[in-house]
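Colleague: If you scroll down you'll find the structure; I have some questions about it.
The values are calculated or read from the model by the stated rules, or taken from the named source; none is laboratory data. The structure presented is a predicted model; accordingly, all values stated were derived computationally and were not measured. All Cβ positions, glycine included, derive from the backbone under ideal geometry; neighbour counts span all protein chains shown. For the accessible areas, the whole protein counts, side chains as well, though only heavy atoms, and no ligand, DNA or RNA atoms are used. Shrake-Rupley method; radii C 1.70, N 1.55, O 1.52, S 1.80 Å.
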Amino acid sequence: MEEKIMRVARVLEIIGKRPVGGVGTVMLNYQRHMNMERVQMDYLIFGEQEETFDKEVKKLGSRVYTYPVLSGRQMRQTKKYFEQFFSEHHSEYDIVHLHAPYIAFLCLPVAAKYGISHRIVHSHATVYAESKGKAVRNRMLWSISQKYITDRIGCSQAAGAFLFGKKDYTVLKNAICCDEYAYNETARNEIRTQYQAKDKLVIGNVGRFCQQKNQMYLVDIFSEIRKIHKDSVLWLVGDGELRPQIEEKIKQLGLINSVKIFGMVDNTGELYQAMDVMVMPSLFEGLPMTGVEAQACGLPCVFSDTITREVDVMGSPFLSLEESKAEWAKTAVRAAGRYKESGKARRSFGKELAEHGFDIRVEAERLEEMYEEMK
């Protein structure tokens with residue numbers, strides 16, 4: 001008797017604009033820990049220039065389809081792109097997994113028309129948009145998208161409840177390989193020596209330079225930290241549209257020699273080791289992967305209270321953005337000294353993260369099973 005061949009679950013991941021960190025990092029992390037003999041994941045992205053993300057997922061066997069950058073003025077054309085794509089490729093997919101909820105009204109009806117029975121929407125945030133105008137627009141667009149959604153996922157309880165309300169959804173956390181971020185004293189010393197920070201207080205932040213991540217306010221906070229701890233430095237890891245404004249603010253506050261902008265790097269894990277505290281005054285987050293990664297290596301964090309507390313496993317402080325910059329500064333300095341004051345050595349929090357559902361091996365298996373049930 002011939003052995004029955006298991007059919008692969010075929011998934012089209014639709015990511016709105018080309019991912020730089022964020023959603024792209026989340027999905028790449030999941031894909032690396034899934035069995036590609038059981039799941040085929042391809043990507044449809046709006047942004048034609050190939051980037052690192054494309055190269056990485058192609059190494060894993062994915063196909064990447066690209067179209068021109070999304071524009072609110074080109075919705076009709078965008079719908080035509082979806083019509084063209086699904087007319088040509090609908091037979092190749094069992095599942096559409098959409099990571100840009102506010103284009104659901106453009107793509108999901110077309111996917112349904114061509115017979116794709118499972119159409120997932122994934123919530124990665126807790127607001128409709130950064131600006132009030134875009135938030136109003138996205139809320140309206142979302143309201144006309146419900147009919148064609150079959151399955152719902154949130155990166156946290158907060159993100160799921162925000163977008164889906166009382167409707168059923170699955171929480172699939174922005175998980176990581178905790179072992180990769182385990183604390184390493186040798187790496188810490190080497191990086192601190194390399195960047196002339198051996199005896200300094202290192203304040204860190206990792207994220208795209210944009211309004212959401214609020215690095216402009218962080219620079220103000222750091223200016224206050226310097227009043228408390230003069231021998232301190234700020235490490236900003238990332239890049240983005242607000243970089244020129246951030247650099248100008250650093251210059252205006254006379255902090256050029258105390259702030260290092262790393263840009264996009266591939267050694268973020270080592271930089272976490274070398275930091276003394278991670279400060280995240282974000283305006284909103286679904287569930288920040290950087291906060292999870294930082295805690296894996298025992299890096300103390302200070303979060304804004306707009307970030308879901310689901311991210312916390314270390315007993316981190318959460319501060320209102322209405323609090324003064326001076327209060328943020330004092331809290332950051334206290335958090336940075338948590339190990340020195342207790343007399344304990346810094347340790348990894350991988351076990352605690354795994355217990356809270358942040359182990360990528362477990363979460364990737366859950367997503368794999370979800371896809372297989374839908375095929």
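Colleague: Take every Cα-Cα pair in region 112-208 and report what % of them are more than 16 Å apart.
Modeller: Percentage above 16 Å: 72.
Colleague: Taking only DSSP H segments of four or more residues, each worth -39500 (n - 2.57), what value at 222 nm results for the chain once the sum is divided by all its residues, to the nearest 500 deg cm²/dmol?
Modeller: -12000 deg cm²/dmol
Colleague: Hey, what's the per residue convex hull volume over the C-alpha atoms of region 242-375, in cubic angstrom?
Modeller: Spread over its residues, the Cα hull of region 242-375 gives 158 Å³ apiece.
Colleague: Follow-up. List the residues, sorted by chain then number, that are 5 or more residues from Tyr65 or on another chain and whose placed amide H is less than 5 Å from its amide H.
Modeller: The answer is Tyr43, Leu44, Ile45.
Colleague: Calculate, for the chain, the solvent-accessible area per residue in square angstrom, rolling a 1.4 angstrom probe over the heavy atoms of the protein chains.
Modeller: I get 47 Å² per residue for the chain.
Colleague: Would you work out the relative contact order for region 80-177, in percent, from Cα pairs under 8 angstrom that are 6 or more residues apart?
Modeller: Averaging sequence separation for qualifying contacts and normalising by length gives 25 percent for region 80-177.
Colleague: Per q in 0.27 Å⁻¹, report the Debye log10 I(q)/I(0) for region 273-346, using one uniform scatterer on each alpha carbon and no solvent.
Modeller: With one equal scatterer per Cα and no solvent, log10 I(q)/I(0) is -1.35.
Colleague: Label Met75 and Glu185 with points 7 Å out from Cα along Cα→Cβ: what is the distance between them in nm?
Modeller: Once both label points are built, they end up 5.9 nm from each other.
Colleague: Quick one: what Rg and Dmax do you get for the chain from the alpha carbons, in Å?
Modeller: 21.6, 78
Colleague: Another question, then. Report the per residue volume, in Å³, of the convex hull enclosing the C-alpha atoms of region 193-300.
Modeller: For region 193-300, the hull spanned by Cα atoms encloses 98 Å³ per residue.
Colleague: In 5 Å bins starting at 0, how do the alpha-carbon pair distances of region 28-94 split up by percent?
Modeller: That works out to 4, 14, 24, 20, 19, 13, 5, 1, 0, in percent per bin.
Colleague: Roll a 1.4 angstrom probe over the protein heavy atoms and tell me the percent of accessible area of region 306-367 that is carbon or sulfur.
Modeller: Within region 306-367, the accessible surface is 48 percent carbon and sulfur.
Colleague: Only Cα pairs under 8 Å and at least 6 apart count here; give the relative contact order of region 34-144 as a rounded whole percent.
Modeller: With pairs under 8 Å counted, the relative contact order is 20 percent.
Colleague: Right, another one. Beta carbons within 10 angstrom, averaged per residue: use that to sort the peptides 284-296, 227-239, highest first.
Modeller: 284-296, 227-239
Colleague: Rounded to the nearest 20 Debye, what is the dipole magnitude of the chain about its Cα centre when Lys and Arg each give +1 and Asp and Glu each give -1 at the C-beta?
Modeller: In debye, rounded to 20, the chain gives about 1080.
Colleague: Going toward the positive end of the dipole of region 22-102, with +1 on Lys and Arg Cβ and -1 on Asp and Glu Cβ, which of Pro101, Gly24, Met41 do you reach last?
Modeller: Comparing the listed Cα positions along the dipole, Pro101 ranks first.
Colleague: Placing +1 on the Cβ of each Lys and Arg and -1 on the Cβ of each Asp and Glu in the chain, which of Ser123, Thr66, Gln245 has its Cα farthest towards the positive end of the resulting dipole?
Modeller: Final value for the positive-end residue is Gln245.
Colleague: Next question. Compute, for region 26-86, the length of the dipole vector about the Cα centre, with Cβ point charges of +1 (Lys, Arg) and -1 (Asp, Glu) only. Units Debye, rounded to 20.
Modeller: 180 debye
Colleague: Still on this structure, I have one more. Which of the residue pairs Lys132/Lys351; Lys249/Lys351; Lys59/Lys251; Lys198/Lys344; Lys227/Lys351 have a Cα-Cα distance greater than 30 Å in the structure shown?
Modeller: From the list (Lys132/Lys351; Lys249/Lys351; Lys59/Lys251; Lys198/Lys344; Lys227/Lys351), the Cα-Cα distance tops 30 Å for Lys132/Lys351; Lys249/Lys351; Lys59/Lys251; Lys227/Lys351.
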